1. Might you tell me the accessible area per residue for the range 397-533, computed with a 1.4 Å probe and given in Å²?
2. Would you work out which of Leu68, Val30, Ser58 lies farthest towards the positive end of the dipole of the chain, given +1 charges on the beta-carbon of Lys and Arg and -1 on that of Asp and Glu, about the Cα centre?
3. Report, largest value first, the span of the C-alpha coordinates of the chain along each principal axis, in whole Å.
4. Roughly how many percent of the accessible protein surface of the chain is carbon and sulfur, given a 1.4 Å probe and a whole-percent answer?
5. Over the range 139-207, with the other protein chains present, what is the accessible area per residue in square angstrom, probe 1.4 angstrom?
6. Any idea what angle helix 11-23 forms with the longest principal axis of the chain, computed on alpha-carbon atoms, 0 to 90 degrees, nearest 10?
7. Can you tell me the dipole magnitude for the chain around its Cα centre, using point charges on the Cβ only (Lys, Arg +1; Asp, Glu -1), in Debye to the nearest 20?
8. List, largest first, the extents of the alpha carbons of the range 308-405 along their principal axes, each in whole Å.
Amino acid sequence: MTRVVVLGGGFGGAFTAARLRDRFRADPSVEISLVNRENYFVFQPMLPEVAAGSIEPSQIANPLRRMLKGVRFYASDVASVDVAAKQVAIYAGEGKHLRQLPYDHLVVALGTVVDLSSLPGLAEHSLTLKNIGDAFYLRNHVIGCLEQADIEDDEAHRRSLTTFVVVGGGFSGVETIGELQEMVSLVLPHYRSLRREDVRFVLVHSQERILPEVVPGLGAFAADELRSRGIEIMLDVKCKAATAEHVFLSNDVAIPTRTLISTVGNAPNPLLKTLPCRKERGRLVTDATLKVPEHDGLWALGDCAAVPSPDGRTYAPTAQNAIRQAVMCADNIVTAVRGNGLPKPFVFNALGKLASLGGRSAVAEILGVKVKGFVAWWLWRTIYLMKLPGFERRIRVALDWTLDLIFQRNIVQLKVFRTEKVDRAHYEPGEAIITQGEIGDRFYIIEKGRVEVARVSNGGPELRLATLGPGEYFGEVALMRDLARTATVRALEPTDVISLGRGDFAAFAQNLSLLKASVEETLGKRLPSEGAA
Ligand SMILES: Cc1cc2nc3c(=O)[nH]c(=O)nc-3n(C[C@H](O)[C@H](O)[C@H](O)COP(=O)(O)OP(=O)(O)OC[C@H]3O[C@@H](n4cnc5c(N)ncnc54)[C@H](O)[C@@H]3O)c2cc1C
């Protein structure tokens, strides 16, 4: 028995497994297996449309078991790869033990991960758009901001709720801001106290023009189109830091916002680090046939692989390339298993580039022909609909699009996350973490940085009561005594905090005797006099 194991069920992995299954269909001596974290394939190019509510989330997810009938499927996380022993360990038993999958040929198609740890506060306060959960969350978050803004009297707070900032002016950043702006402008008439001029969309891009992947003319068209719809574009500007209430930029501008969407920060899959072979910016280096030269039977493709192209560079991380590489990789494995020839090099010229801008407009470069506006948008939808795997999915997406033309955009805000949870947050100097007079709903522990506790009494000047540092906590008075916040706590330097909601704090305080004793002791010191928050 020859065992071929494919890691990853995205464009690279799923299409490799499908091709292998078709080529080995009549051969019972070959077993093909695929491991993927989720039990479905995601059509990532349509994520911005899911985030904007023109497609229902499940329509772009294809169950891998149905898509890959005949392939042994494992819905699990890959724990490790032992290239010397030729086996992969995956988690089994609800993550409590490992299961070994021996292989003769292993295809690594694990894509990339999002890593936002390089900028302070970005991991804690930005939203990403990499999977269906992200798109679903983003849509509900944006609707939630409009709901909050509609009942907010404070002008500045309302503006920050209706300000949406996207970092990254490549394909996914441009598509995301274009689609979200369209959604917000369609649903805005439902919110009686919000005016069009209250809503602000900002696209922050580190280079001198957006969509650097397409020719300058199309990039300029896209920029004009977005600007004509009121989207501000900040060029040659980088994001420096983020907090729950602001985005700090390299041009010293701080934008008050509750919504920062980051489309930058793709990083290599951490599992690749453990493989003993050559890497290029964290990606596995293959030869032109998609084989990893150092190890027998090891292949790599898609976003996690550095595949050499004839121009001396490596292929771009796109779905188009991953799908074509999948076919070539599968064919080369068939050749190797049957021992009837030499593997072929992967050579492919991208057929085109398409970016949807929302508002029934797009830009496209197809076989050298440049198209823009409505025709490009129609092409975008037609081409991506044809590329969506599965006839049933195509019908469902086409129906969603048709219904979206006829009916109003859905504004149901589905809250599927827990209302109480342990959270992390970052604050920049001068930002208030809690404000005197507010209803207290969270308890805070300082991880890093320093804060001041200050209070205004009887309309007098604000007095600093205490400064607190790492390991110290605040916010317990309001929770334990059911009072409004009795002081303001403000960051004195870049500060990271862990916070617990009321219910979780009560559970900890009741059941963890050390915490209970400590909180009661602190309460005794803080309540009668100063320093309470
Ligand atoms: C919003 C957005 C829009 C895009 N638009 C376009 C576009 O218009 N055109 C285009 O060509 N490209 C587009 N792309 C890029 C394209 O989606 C990627 O290039 C493509 O998905 C790469 O395929 P892949 O198989 O290498 O990785 P992925 O599709 O990311 O698949 C990797 C798979 O591996 C799984 N995995 C990772 N680690 C583990 C583990 N340890 N255990 C188990 N499973 C694991 C993941 O769950 C995932 O299913 C877009 C991407 C995004 C995010």
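1. Accessible area per residue: 55 Å².
2. Val30
3. Principal extents (Cα only, largest first): 89, 55, 41 Å.
4. The C+S portion of the solvent-accessible surface of the chain is 54 percent.
5. 37 Å²
6. That works out to roughly 30 degrees.
7. Dipole magnitude for the chain comes out near 1820 debye.
8. Result for the range 308-405: principal-axis Cα extents of 54, 34, 18 Å.
The values are calculated or read from the model by the stated rules, or taken from the named source; none is laboratory data. Note that the structure is predicted; figures quoted are calculated from it, not measured. Positions of Cβ are backbone-derived with ideal geometry, glycine not excepted, and every protein chain shown enters the neighbour counts. SASA here: full protein model, heavy atoms, side chains in, ligands and nucleic acids out. Shrake-Rupley method; radii C 1.70, N 1.55, O 1.52, S 1.80 Å.
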